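These notes are about the structure you will find just below.
The values are calculated or read from the model by the stated rules, or taken from the named source; none is laboratory data. Predicted model only: the values in this text are computed from it and were never measured. Cβ sites come from the backbone with ideal geometry, for glycine too, and all protein chains shown count toward neighbours. With ligands, DNA and RNA removed, areas are computed over all heavy atoms of the protein, side chains included. Shrake-Rupley method; radii C 1.70, N 1.55, O 1.52, S 1.80 Å.
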Amino acid sequence: MLKYSNVSPPECKHYSMALAALGLKVGGTVKQRADRLFLTKALAALGLKVGGTVKQRADRLFLTKALAALGLKVGGTVKQRADRLFLTKALAALGLKVGGTVKQRADRLFLTK
């Protein structure tokens, strides 16, 4: 993890130059610029959409990594991925089968409660 208080001015300029080259906002604190650059590079490396706010990009990255770790489909909208992750975790916590379509899993979860 970066220690932002120890980042030298040349490294700060590096963040701004890298962000500008990607067509992204170059202002903000050193931490904000580093976060913006990290999220953009991580999403691009996974072939995911890199636009949106920092929160949207962080959510996209978290959901993709969490779903991949569980061996689930990682595509779809953020809402679809969040639903997929929620249903899987909720079913697993109840000791129920986690496979099937989203509708089957939702039915299983809500019929059990």
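If R0 is taken as 22 Å, the Cβ-Cβ distance between Ala69 and Thr29 corresponds to a FRET efficiency of 0.10. When only alpha carbons of the range 5-113 are considered, Rg and Dmax amount to 18.4, 58 Å.
For the pairs Lys31/Lys65; Lys49/Lys97; Lys25/Lys73; Lys31/Lys73, note any where the Cα-Cα span goes beyond 29 Å. Long pairs (Cα-Cα over 29 Å): Lys49/Lys97; Lys25/Lys73; Lys31/Lys73. Note that the chain presents 65 Å² accessible area per residue, ligands and nucleic acids not counted, probe 1.4 Å.
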